[in-house]
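A short worksheet on the structure shown next.
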Amino acid sequence: MDDDVVDYNPDRLLNALREQFNAESDAALCRMLGVRPAVLSLIRNRKRSIGACLMVRMHELSGMKVAELRKLLGDRRQKFRTGKNDGYRTTTMSEARKISC
């Protein structure tokens, strides 16, 4: 197994952000990120994923590259779905950079 490959684990990302921001609790992290505590609870319990807006907010506040945040998260996807008026379509990372939000 490759040393750079890690399993999906949102706790690793959230704990790293808590440490970077010196947040004493998830409630404090929620206030910093501008989300309800229930959102972080659902993410930690793997009942909700970290969406693009929250990932961008994490990037803006932490100064970390989105790629670094995704690596902490354990997100190894090379393709993902983007919303289009005609439904979802599978997109590569390089294609996604060309899509305006």
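Just so it is clear, none of the values below were taken in a lab; they were calculated from the coordinates. Just so you know, these numbers come straight off a predicted model, no measurement behind them. Virtual Cβ from ideal backbone geometry, glycine too; neighbours counted across all protein chains shown.
A few remarks follow.
- The ranking of 56, 39 from fewest to most other beta carbons within 10 Å of each one's beta carbon is 56, 39.
- Between residue 48 and 43, the built amide H atoms are under 5 Å apart, and every one of these is 5 or more places off in sequence or on another chain.
- Residues 47, 71, sorted so that the one with the fewest Cβ neighbours within 10 Å comes first: 47, 71
- Scalar couplings 3J(HN,Hα) for the stretch 23-39, obtained by applying the Karplus form with A = 6.51, B = -1.76, C = 1.60 to θ = phi - 60°, are 7, 6, 8, 5, 4, 5, 4, 4, 4, 5, 7, x, 10, 6, x, 4, 5 Hz; x denotes Gly and Pro.
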